[in-house]
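Student: Okay, here's the structure, questions in a sec.
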């Protein structure tokens with residue numbers, strides 16, 4: 001998943017290494033069956049199948065679990081440069097319910113990265129491509145690296161289209 005703006009083999013190598021390292025210790029994602037489908041500089045795609053134990057009293061997927069899927073994709077996207085980043089603000093709009101057996105996919109895309117602050121949009125869709133939720137996350141880079149001793153990738157400023 002190579003992004004033209006940040007597109008380099010080195011940037012993709014760093015993102016792949018970060019994805020493997022994060023997932024190895026992401027016990028929450030593993031417990032929920034969230035899988036990493038793709039990662040690249042400022043991008044990530046993750047999926048989760050809605051299990052019967054994820055359904056609430058309305059017989060739909062609990063909103064907190066949809067939020068968790070989107071937040072997880074956000075985390076992988078904003079950490080893909082191997083510079084530790086955490087959420088500083090997130091919002092979600094639920095547009096359609098998820099049901100038991102649905103395969104939900106969250107795609108996170110960086111909208112802006114300025115200094116230590118990032119803005120990411122995440123779309124959650126079901127297996128039919130219907131939008132279930134829209135999530136926006138604001139990240140803040142903090143000290144440290146995801147892969148200790150790894151080389152952080154520093155994206156170039158946006159190039160004109």
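Student: Identify, by number, the condition in (1) modelled with pLDDT of 95 or more; (2) out of contact with any helix residue (DSSP H, G or I) (no Cβ under 9 Å at 6 or more places or on another chain); (3) surrounded by 13 or more Cβ atoms within 10 Å (Cβ to Cβ) that residue 5 doesn't meet.
Tutor: With respect to (1) modelled with pLDDT of 95 or more; (2) out of contact with any helix residue (DSSP H, G or I) (no Cβ under 9 Å at 6 or more places or on another chain); (3) surrounded by 13 or more Cβ atoms within 10 Å (Cβ to Cβ), residue 5 is out only on (1).
Student: If you scan region 122-142, which residues turn out to be exposed (fewer than 15 other Cβ atoms within 10 Å of the Cβ) and part of a strand (DSSP E or B)?
Tutor: So the first thing to find is which residues in region 122-142 are exposed (fewer than 15 other Cβ atoms within 10 Å of the Cβ), and the list is 127-131, 142.
The answer is 131, and nothing else.
Student: Now, a different point. With region 1-84 as the region, which helices (runs of 4 or more DSSP H) entirely inside it contain at least 1 residues that are closer than 17 Å to residue 123 by Cα?
Tutor: On the way: elements: 9-24, 27-32, 63-79.
In region 1-84, 63-79 are the helices (runs of 4 or more DSSP H) which contain 1 or more residues that are closer than 17 Å to residue 123 by Cα.
Yes/no per residue for (1) within 17 Å of residue 72 (Cα to Cα); (2) modelled with pLDDT under 95; (3) touching a strand residue (DSSP E or B) at 6+ places or on another chain (Cβ under 8 Å):
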site: 108; (1), (2), (3): yes, no, yes
site: 124; (1), (2), (3): yes, no, yes
site: 128; (1), (2), (3): no, no, no
site: 137; (1), (2), (3): yes, no, yes
site: 155; (1), (2), (3): no, yes, yes
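Student: Going by the conditions given, is residue 119 modelled with pLDDT of 95 or more, exposed (fewer than 13 other Cβ atoms within 10 Å of the Cβ), more than 14 Å from residue 71 (Cβ to Cβ) and in contact with a strand residue (DSSP E or B) (Cβ under 7 Å, 6 or more places away or on another chain)?
Tutor: Considered against the rule, which asks whether it is modelled with pLDDT of 95 or more, exposed (fewer than 13 other Cβ atoms within 10 Å of the Cβ), more than 14 Å from residue 71 (Cβ to Cβ) and in contact with a strand residue (DSSP E or B) (Cβ under 7 Å, 6 or more places away or on another chain), residue 119 comes out as no.
Student: Residue 100 - would you say it is more than 16 Å from the chain's Cα centre (by Cα) and more than 21 Å from residue 36 (Cβ to Cβ)? Give the derivation first.
Tutor: Values: more than 16 Å from the chain's Cα centre (by Cα): yes; more than 21 Å from residue 36 (Cβ to Cβ): yes.
Taking the combined requirement at face value, the residue satisfies it.
Student: Here's another thing I want to ask about it. Within the bounds of region 31-47, is there any residue that is surrounded by fewer than 16 Cβ atoms within 10 Å (Cβ to Cβ), farther than 27 Å from residue 9 by Cβ and either in contact with a helix residue (DSSP H, G or I) (Cβ under 6 Å, 6 or more places away or on another chain) or modelled with pLDDT of 95 or more (or both)?
Tutor: Checked against the condition, which is being surrounded by fewer than 16 Cβ atoms within 10 Å (Cβ to Cβ), farther than 27 Å from residue 9 by Cβ and either in contact with a helix residue (DSSP H, G or I) (Cβ under 6 Å, 6 or more places away or on another chain) or modelled with pLDDT of 95 or more (or both), region 31-47 yields at least one hit.
Student: Please specify each residue of region 93-116 satisfying the condition of being assigned to a loop (DSSP other than H, G, I, E, B) and buried (at least 17 other Cβ atoms within 10 Å of the Cβ).
Tutor: At the first step, the residues of region 93-116 found to be assigned to a loop (DSSP other than H, G, I, E, B) are 95-102, 115-116.
Of everything in region 93-116, those that are assigned to a loop (DSSP other than H, G, I, E, B) and buried (at least 17 other Cβ atoms within 10 Å of the Cβ) turn out to be 97, 98, 102.
Student: I've got another one for you. Might you check whether a residue that is farther than 16 Å from residue 132 by Cα, within 14 Å of the chain's Cα centre (by Cα) and crowded, with 20+ Cβ neighbours inside 10 Å occurs anywhere in region 83-92?
Tutor: yes
Student: Could I ask something else about it? Quick one: in region 59-80, of everything that is touching a residue at least 24 places away in the same chain (Cβ under 8 Å) and out of contact with any strand residue (DSSP E or B) (no Cβ under 8 Å at 6 or more places or on another chain), which residue is nearest to residue 10 (Cα to Cα)?
Tutor: Initially, region 59-80 is screened for residues touching a residue at least 24 places away in the same chain (Cβ under 8 Å), giving 59-61, 63, 65-80.
In the following step, the residues that additionally are out of contact with any strand residue (DSSP E or B) (no Cβ under 8 Å at 6 or more places or on another chain) were identified as 59-60, 68.
Details: 59: 45, 60: 42, 68: 29 Å.
Selected residue: 68.
Student: Hey, another quick one. Please go through region 8-30 and give me each residue that is touching a strand residue (DSSP E or B) at 6+ places or on another chain (Cβ under 8 Å) and at pLDDT below 95, ordered by number.
Tutor: The answer is 11, and nothing else.
Student: Now, a different point. Please work out which one of (1) crowded, with 22+ Cβ neighbours inside 10 Å; (2) under 24 Å from residue 147 (Cβ atoms); (3) out of contact with any helix residue (DSSP H, G or I) (no Cβ under 6 Å at 6 or more places or on another chain) is the condition residue 66 fails and give its number.
Tutor: The single condition residue 66 does not satisfy is (2).
The values are calculated or read from the model by the stated rules, or taken from the named source; none is laboratory data. Because the structure is a prediction, the values reported are computed rather than measured. Glycine gets a Cβ as well: all are built from the backbone with ideal geometry, and neighbour counts include every protein chain shown.
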